[in-house]
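Below is one structure; the comments refer to it alone.
The values are calculated or read from the model by the stated rules, or taken from the named source; none is laboratory data. Keep in mind it's a predicted model, so treat the numbers as computed, not measured. Neighbour counts are summed over all protein chains in view; Cβ atoms, including those assigned to glycine, are modelled from backbone coordinates with ideal geometry.
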C-alpha cells in the first residue's frame with residue numbers, strides 16, 4: 001500500500017500519465033545526461049527518466065517513499081535514490097566530477113519554491129537546465145516583464161541568471177491530492193553570462209529589492225536609503241526616465257544602468 005501524501009511536506013503527486021510523458025519529452029533528456037530529480041515521490045517520472053538518461057539521481061526527503069523507491073530501483077543500475085533534503089544537498093561536493101552539466105527536473109512544493117531556486121542558482125555553473133512544475137502564479141512571476149502585474153524583484157533575479165519559459169499548463173485535477181490552483185511546467189535555461197553588465201552585482205540586487213519593497217512608492221522615494229539623490233537625478237536625466245516612475249516599470253537593463261552610475 002502506498003503511503004498517503006503528507007501535507008506538511010506539501011506533497012501533491014502527479015498522476016496524469018500523459019502529463020508525465022509530456023514533461024520528459026519537453027525536458028529532451030539525452031542518453032549522456034545526468035538528471036537530478038527533486039522530489040521523486042512515488043517514482044512516476046523516475047521510471048521514465050531511467051530509460052532516457054545516463055544517470056538519474058532521485059532526491060526524496062520522505063523516508064517512507066525512499067524505502068519504496070530503493071526497493072523498486074534496486075535492480076536499475078542508473079538510478080541512485082538519495083534520501084535527502086534538496087536544500088541541504090551540496091551539488092558541488094556531489095556532482096563536480098560529472099563530465100556534463102546536470103539537468104534538474106522536479107515537481108516542487110509551493111512553500112519552498114523560492115528557496116529551492118535560490119539554492120540551485122548557487123550551483124548554476126554545474127547546471128544546464130532546470131525544469132520545474134510550480135503553481136501557475138509563481139511561474140508567471142518568474143517570466144513576467146517590466147510593467148506586468150506579476151513583475152517584481154524575483155522576476156529580475158530569475159531572469160538575471162536564467163532564461164525562463166513556461167512550456168505548458170497543468171490542471172489541478174492532474175494531481176493527488178488536487179491543489180487549489182493550476183500549475184505550469186517551465187524551463188529555466190541557465191545563462192552562460194548575465195544579460196546585463198554590472199560592476200557590482202550585490203548593489204544591483206540591493207537596488208532591485210529596495211525598489212520593489214514598497215511598490216506604491218516612486219523609485220525616487222523607495223531608493224533613498226540605497227542611492228544618493230544626485231545619482232538618481234543623473235540616472236533620470238541620462239536615460240530620459242520620468243522621475244515619478246515606480247520600480248515595476250524598469251527593465252533589468254534599467255536597473256543595471258542605475259547600478260553602474262552609483
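Structure above, values below:
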{"item": "Matching option when the condition is surrounded by fewer than 20 Cβ atoms within 10 Å (Cβ to Cβ) and outside any loop (DSSP other than H, G, I, E, B), among 236, 154", "result": "236"}
{"item": "Residue ranges of strands (runs of 3 or more DSSP E) in the range 5-99 with at least 3 members under 16 Å from residue 116 (Cβ atoms)", "result": "34-38, 55-60"}
{"item": "Filter pass, residue 166 being in contact with a helix residue (DSSP H, G or I) (Cβ under 6 Å, 6 or more places away or on another chain) and either assigned by TED's automatic domain parsing to the domain that holds residue 13 or part of a helix (DSSP H, G or I) (or both)", "result": "yes"}
{"item": "Qualifying positions in the range 184-228 - assigned to a helix (DSSP H, G or I) and more than 17 Å from residue 256 (Cα to Cα)", "result": "213, 221"}
{"item": "Odd one out for residue 92 among (1) at pLDDT 95 or above; (2) more than 15 Å from residue 36 (Cβ to Cβ); (3) loosely packed, with under 14 Cβ neighbours inside 10 Å", "result": "(2)"}
{"item": "Some residue of the range 171-178 being touching a residue at least 60 places away in the same chain (Cβ under 8 Å), within 30 Å of residue 13 (Cα to Cα) and touching a helix residue (DSSP H, G or I) at 6+ places or on another chain (Cβ under 6 Å)", "result": "yes"}
{"item": "Residues of the range 1-27 that turn out to be surrounded by fewer than 17 Cβ atoms within 10 Å (Cβ to Cβ), at pLDDT 85 or above and within 18 Å of the chain's Cα centre (by Cα), as a count", "result": "1"}
